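Novice: After the structure tokens below, expect a handful of questions from me.
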Amino acid sequence: MFSEVFPTLPVRELAAWSAAAPAARVDAILRRGRAESLEDFAALLSPVAGERLEELCALSQQVTRRHFGKTIRLFAPIYLSNECVNICKYCGFSRHLKIPRVTIPVSQFEEEVQKLAGQGFRSLLIVAGEHPKYVSNGYVEECVRIGLRHIPGIHIELGPMETVGYVPLVRAGCEGLVVYQETYDEPTYRELHTAGPKKHYGWRMDTAERGYAAGFRRLGIGALFGLHDWRFEAVALAAHGLHLVKHCWKSQLTLGVPRMRPAAGDFLVKAENCMPDRAFVQTLCAYRLLLPFAGFVLSTRETPKFRDGLVTLGVTHMSAGSSTEPGGYSSYDVNTWTPTGDQPGEQFHIADERSPAAVAAMIRQRGYEPVWKDSDPSLVTEETPVLAGA
């Protein structure tokens, strides 16, 4: 499991080395057109590589088009609940915050799914805070089944579970599992997660592998940039990606590099942990040269102008028209696809508030094709793997 491998890797040393990696190492990688090791990846995060960002972007674009074509897959997050038993100092759902707590009924979930389907979406990410009451009674499983009546691609981003807990969701038709480590630095992780099941650092780190054993066809991992040094987080996430490519090779891998956004609470990002826009672009390109087959997810945490510029550089998946509040789409204006009022129960405030249609139009203007649907349950014939010992 990755939690056992991670302490043996020189991640901290590579992150420090990347700040002064030699130009000769960067030259060799760019000539080759591929990062072949974690050390190569760290070199691509260096200031020397940053001076050659235009070359790096061109290579990233070439590799992405070779494996994904000129396409961007669109999806929408749909929040079931903001009830949570964890205390996470940076999260708008943290249990110590006084926000309106909501878990939407299945009937409202279906209404919101229908509304999203009417906007063109054929891929959804079901999101919720971590609370046992809605994962132990079949609620999420029922939402997956109902969602599949209207939209063929369902993924989940919930509190981590054991493999046996994921099996009913896979059998219900859920195809993807997303879980972000938030921060790979264990001292920072323990400082920020003070109560609740999320405080178990290593157990969270192995969630993707438990999900793979349950039969998920797609796995998504990431870190929340702004909690710790960005170079360390980038190298750690790259190491995790390499591990999953090796050990969970039957599933498609996607990476996310979300950056902190304003949310309820008073958490402040330290200046030394901020990831500048230029570093974000450089890191995206470095991931593409290291993990050419991996998808890269760009969320509405980023501004419209910045998202527009990244379409051609290595991104493969984008959310659009997002709400981060349970039941948030019920209050969206049907013409502008924006909230009609405040959203006090949201996890964080998004930066790109454009409608799905506007985002799709922007993608087409850049010569790319917005893909609303790239799979169908009727095409999946392989049975869910039988668990060892089950």
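Novice: Among the candidates Glu233, Glu191, single out the residue that is of a type in the set (Asp, Glu), open to solvent by less than 20 Å² (accessible area, probe 1.4 Å) and either touching an Asp or Glu at 6+ places or on another chain (Cβ under 6 Å) or part of a helix (DSSP H, G or I) (or both).
Specialist: Sole residue among the options that is of a type in the set (Asp, Glu), open to solvent by less than 20 Å² (accessible area, probe 1.4 Å) and either touching an Asp or Glu at 6+ places or on another chain (Cβ under 6 Å) or part of a helix (DSSP H, G or I) (or both): Glu233.
Novice: Determine whether Glu186 is out of contact with any strand residue (DSSP E or B) (no Cβ under 7 Å at 6 or more places or on another chain), open to solvent by 10 Å² or more (accessible area, probe 1.4 Å) and free of Cβ contacts under 8 Å to residues at least 60 places away in the same chain.
Specialist: Yes, satisfied.
Novice: Name the single residue, out of those in the range 102-138 being over 18 Å from Ile151 (Cβ atoms) and buried (at least 16 other Cβ atoms within 10 Å of the Cβ), that is modelled with the lowest pLDDT.
Specialist: The residue in question is Val135.
Novice: Looking at Glu55 and the list (1) open to solvent by 30 Å² or more (accessible area, probe 1.4 Å); (2) closer than 15 Å to Ala238 by Cα; (3) in a helix (DSSP H, G or I); (4) in contact with a Leu (Cβ under 8 Å, 6 or more places away or on another chain), which single condition is not satisfied?
Specialist: (2)
Novice: Still on this structure, I have one more. If only one of Ser60, Ser46, Ser18, Ser94 is under 30 Å from Gly120 (Cβ atoms) and open to solvent by less than 10 Å² (accessible area, probe 1.4 Å), which one is it?
Specialist: Working: Ser46 fails: under 30 Å from Gly120 (Cβ atoms); Ser18 fails: under 30 Å from Gly120 (Cβ atoms); Ser94 fails: under 30 Å from Gly120 (Cβ atoms).
The conditions single out Ser60.
Novice: Among the residues of the range 183-200, how many are more than 15 Å from His243 (Cβ to Cβ) and touching a His at 6+ places or on another chain (Cβ under 8 Å)?
Specialist: 4
Novice: Could you please give the count of residues in the range 56-99 that are aromatic (Phe, Trp, Tyr) and in contact with a strand residue (DSSP E or B) (Cβ under 6 Å, 6 or more places away or on another chain)?
Specialist: Of the residues in that region, 2 qualify.
Novice: Something else: Conditions: (1) at pLDDT 70 or above; (2) over 23 Å from the mean Cα position of the chain (by Cα); (3) more than 30 Å from Cys57 (Cα to Cα); (4) not aromatic (Phe, Trp, Tyr). Arg364 meets all but one. Number of the miss?
Specialist: So Arg364 meets the others, but not (3).
Novice: Checking the structure you have, find out if any residue of the range 39-49 is at positive phi, touching a helix residue (DSSP H, G or I) at 6+ places or on another chain (Cβ under 6 Å) and in contact (Cβ under 8 Å) with a residue 60 or more places away in the chain. Don't jump to the end; show me each part of the working.
Specialist: Step one: of the range 39-49, the residues at positive phi are none.
The answer is no; no qualifying residue exists.
Novice: Considering only residues that are within 26 Å of Val85 (Cα to Cα) and surrounded by fewer than 17 Cβ atoms within 10 Å (Cβ to Cβ), which ones fall in the range 166-182?
Specialist: Pro168
Novice: Can you give me the number of residues within the range 261-279 that are touching a residue at least 24 places away in the same chain (Cβ under 8 Å), of a type outside the set (Asp, Glu) and in a helix (DSSP H, G or I)?
Specialist: Of the residues in the range 261-279, 3 are touching a residue at least 24 places away in the same chain (Cβ under 8 Å), of a type outside the set (Asp, Glu) and in a helix (DSSP H, G or I).
Novice: Going by the structure shown, is Arg12 at negative phi, basic (Lys, Arg), part of a helix (DSSP H, G or I) and surrounded by fewer than 17 Cβ atoms within 10 Å (Cβ to Cβ)?
Specialist: So Arg12 fits the description; yes.
The values are calculated or read from the model by the stated rules, or taken from the named source; none is laboratory data. Please read these numbers as outputs of a predicted model, since none were measured by experiment. All Cβ positions, glycine included, derive from the backbone under ideal geometry; neighbour counts span all protein chains shown. The accessibility values were calculated without ligands, DNA or RNA, using every heavy atom of the protein model including side chains. Shrake-Rupley method; radii C 1.70, N 1.55, O 1.52, S 1.80 Å.
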